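Asks: One structure coming up, written as structure tokens, with questions to follow.
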Amino acid sequence: MASTVVVLEFDVLVERVDGRRMSEKADFSTQARYSLSVSLSEKDWKSDSLVLAYSIELASQPPAAKILVAGSATIRGPKNEIQAVLTPASEKVPPPIVVTIYERVYGMIYLLAGSLRVTHPLPNLLEKGP
Amino acid sequence: MDTFSGVLRFYSLQEVRKYLKELLEVYEKEYDESSNKMGLLLREEGDKGMEVIMSKGWTKAGSMFVNIEDPEKSKMEVFFQFVTEMKPKVTETEEVLKSFDRGEALPIPEEATFLLYLRRGIPERLIVDTSTPRPEKFSFSGQFITVSDPAAAGN
């Protein structure tokens, strides 16, 4: 039996990047945990697309660096499928759209961490922080 | 050419104003382009002037008029009619936009949405609707954790 696969299109645009080194002693060998503050807000929602403004701010613990990436993300597809990626599977995990945006901007974050000479955060968001 | 008749819903007066401005820009552009084409055609026809605009050879086919005999003159006639009809559209839409400021000064409830009625492309009425709520906009914020690359730490 044939089944229909619905594919959403994602377009993530980076509009602002900021990186700061917070400690003179930090280097690539410093083990650190990164906490992320993520915010999304609706800019425009049409029948087949949603434009979101996003902001992802990473802060390492112990304090070594702060990295900010912000911009806009467009999701195209059926409204119910768009709604599905906005909703997390559980309270402990991020909504799928947050994971997608993070994956798309991770390259930028990786380069920034390298330029700041601090430990690179991992490409996956593990769980909801405190 | 925008000859839309109907009702549009907006969720703020700013959106209504933006729509009216864009509508006026479209009309002004169409009017200017058509006027230029009209002027060009009239210059090409030289002294014939008004005589050219009244073309002959229109045949009624159903509820529509068709001209096979004289396409050049009938083109001019149609353009002239179009320009004549566009002029009041530009003027009236401009007037609506100017008078919009007076509407914005009225005591409008914060939660109101707006229905704009257009008749044949001209904004005619604005309804301040407090019975239909604005849809909630999506927003999300959260804190998450990732860890550093264990290989870099020698683990």
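The values are calculated or read from the model by the stated rules, or taken from the named source; none is laboratory data. From a predicted model like this one, the values you see are computed outputs, not experimental measurements. Every residue, glycine as well, gets a Cβ built from its backbone with ideal geometry; the counts of neighbours run over all protein chains shown.
Asks: Which residues, taken from the stretch B:64-94, are of a type in the set (D, E, K, R) and farther than 17 Å from residue B:38 by Cα?
Replies: Scanning the stretch B:64-94 gives B:69, B:89, B:92, B:94.
Asks: I want to confirm something. Restricting to the stretch B:96-134 and keeping residues that are loosely packed, with under 13 Cβ neighbours inside 10 Å and assigned to a helix (DSSP H, G or I), which single residue is modelled with the highest pLDDT?
Replies: Looking at the filtered set, the residue picked out is B:98.
Asks: Let me ask something else about it. Taking into account only those residues within the stretch B:81-112 that are more than 16 Å from the chain's Cα centre (by Cα) and of a type in the set (S, T, N, Q), which is nearest to residue B:12 (Cα to Cα)?
Replies: Here the answer is B:99.
Asks: With the condition kept exactly as written, say whether any residue in the stretch A:1-23 is in a loop (DSSP other than H, G, I, E, B) and within 11 Å of another protein chain (Cβ to nearest Cβ).
Replies: No, the stretch A:1-23 contains no residue that is in a loop (DSSP other than H, G, I, E, B) and within 11 Å of another protein chain (Cβ to nearest Cβ).
Asks: Filter the stretch A:27-76 down to the residues that are assigned to a strand (DSSP E or B) and aromatic (Phe, Trp, Tyr), then identify the one that is farthest from the other protein chains (Cβ to nearest Cβ).
Replies: Restricting to residues being assigned to a strand (DSSP E or B) and aromatic (Phe, Trp, Tyr), the top hit is A:54.
Asks: Would you please list the contacts, defined by Cβ atoms under 9 Å and residues six or more apart or on different chains, that run from a residue in the stretch A:116-130 that is within 7 Å of chain B (Cβ to nearest Cβ) to a residue that is at pLDDT below 65 and outside any loop (DSSP other than H, G, I, E, B)?
Replies: Partner pairs satisfying both residue conditions: A:119/B:148; A:120/B:148; A:121/B:147; A:121/B:148; A:122/B:147; A:122/B:148; A:126/B:147.
Asks: For the stretch B:41-70, name all the residues that are at pLDDT below 85 and surrounded by fewer than 11 Cβ atoms within 10 Å (Cβ to Cβ).
Replies: Listed by number, the residues that qualify are B:43, B:46, B:47, B:49, B:50, B:51, B:54, B:56.
Asks: If you don't mind, there's one more thing I want to ask. For residue A:77, all conditions in the list (1) within 14 Å of the chain's Cα centre (by Cα); (2) surrounded by 16 or more Cβ atoms within 10 Å (Cβ to Cβ); (3) within 23 Å of residue A:9 (Cα to Cα) hold save one; what is the number of the exception?
Replies: (1)
Asks: When you scan the stretch A:78-107, how many residues do you find that are of a type in the set (A, V, I, L, M, F, W, C) and out of contact with any strand residue (DSSP E or B) (no Cβ under 6 Å at 6 or more places or on another chain)?
Replies: 7
Asks: Pull up the stretch B:71-81, narrow it to residues that are within 15 Å of residue B:42 (Cβ to Cβ) and surrounded by fewer than 17 Cβ atoms within 10 Å (Cβ to Cβ), then point me to the one that is modelled with the lowest pLDDT.
Replies: B:72
Asks: For the stretch A:1-26, how many residues are closer than 15 Å to residue A:121 by Cβ and at pLDDT below 80?
Replies: Qualifying residue count, the stretch A:1-26: 1.
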